[in-house]
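For reference, the structure discussed in these notes is given below.
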Amino acid sequence: MKIKTIDNFLKEKDLKDLQSISLKKIGKEDVKIYHNSIDKNNNIKNDCIDKNFLIRLNKTYHEIALNLLKELKPEKVELYDYSDFHIIETGANYKYPIHDDTPNKLLSGVIYLNPFKNSGTIFYETKSGKGKKIVEWKINRAVFFCREDRSTWHSYEGDGLSNRIALVYNLMTNKVKEVYKIEKKSYFFGQLRHKLNPYLYRFFKIVI
């Protein structure tokens with residue numbers, strides 16, 4: 001798996017404006033996702049990022065992200081439809097399981113916002129957790145990779161001390177069948193697996 005790590009990714013003003021967004025309080029065992037997206041025609045869906053700010057973010061960083069996609073998986077560039085700018089707050093004790101992202105994500109990215117110290121992103125060679133590699137947490141560090149079915153395994157979690165807040169910046173597509181063609185994987189079985197995974201996770205979490 002190719003992973004691109006870029007320090008000081010956001011401009012100082014953009015970083016400060018994102019850090020200053022007021023978020024709802026969550027518990028140490030919880031996770032909260034604020035959904036924000038913008039498409040090629042500037043159509044916007046937003047939870048916590050102001051529309052003008054969202055347009056500014058897209059204008060400033062879209063070419064950078066697109067060039068990363070060209071470098072990591074050029075075959076998928078023409079599939080681009082819209083961008084996600086989600087803000088995710090992870091409770092100090094929350095752990096997200098090992099997963100490989102949904103196929104509509106062409107380029108997956110995360111930029112660490114707050115606090116000063118926390119846990120970064122964990123990558124694995126297998127779904128069982130072998131070959132662990134950790135990209136350490138650092139404010140304004142960006143981590144990008146291109147999702148591949150049953151290959152790009154990763155997870156994230158709180159550090160047990162404080163909640164972690166990150167900006168998830170993804171280049172997205174609506175052409176999921178084309179993604180599977182490029183990856184030479186089964187669309188039917190791939191979609192079935194991603195639909196069942198949330199239910200299986202909840203089941204095993206209860207059982208354990």
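Observations, loosely collected:
- Candidate set: the range 113-126, residues that are in a strand (DSSP E or B) and of a type in the set (A, V, I, L, M, F, W, C); chosen: the one surrounded by the most Cβ atoms within 10 Å (Cβ to Cβ): Leu113
- Qualifying residue in the range 172-192 (condition: part of a strand (DSSP E or B) and either modelled with pLDDT of 95 or more or over 15 Å from the mean Cα position of the chain (by Cα) (or both)): yes
- Residue satisfying all of: in the range 61-86; touching a residue at least 60 places away in the same chain (Cβ under 8 Å), acidic (Asp, Glu) and part of a helix (DSSP H, G or I); surrounded by the most Cβ atoms within 10 Å (Cβ to Cβ) among these: Glu75
- First in the range 127-147 and touching a residue at least 60 places away in the same chain (Cβ under 8 Å) and crowded, with 19+ Cβ neighbours inside 10 Å, second anywhere and of a type in the set (Ser, Thr, Tyr) and in a loop (DSSP other than H, G, I, E, B), Cβ under 7 Å, 6 or more apart: Phe145/Thr152
- Taking the criterion of being part of a loop (DSSP other than H, G, I, E, B), surrounded by 12 or more Cβ atoms within 10 Å (Cβ to Cβ) and more than 13 Å from the chain's Cα centre (by Cα), the residues of the range 18-37 that qualify are Ile21, Leu23, Ile26, Gly27, Lys28, Asp30.
- Within the range 95-112, being crowded, with 20+ Cβ neighbours inside 10 Å and either at pLDDT below 95 or farther than 29 Å from Ile182 by Cβ (or both) holds for Asp100, Pro103, Tyr112.
The values are calculated or read from the model by the stated rules, or taken from the named source; none is laboratory data. As the structure is a prediction and not an experimental result, all values here were calculated from the model. As a convention, Cβ positions derive from the backbone with ideal geometry for all residues, glycine included, and neighbour counts pool all protein chains shown.
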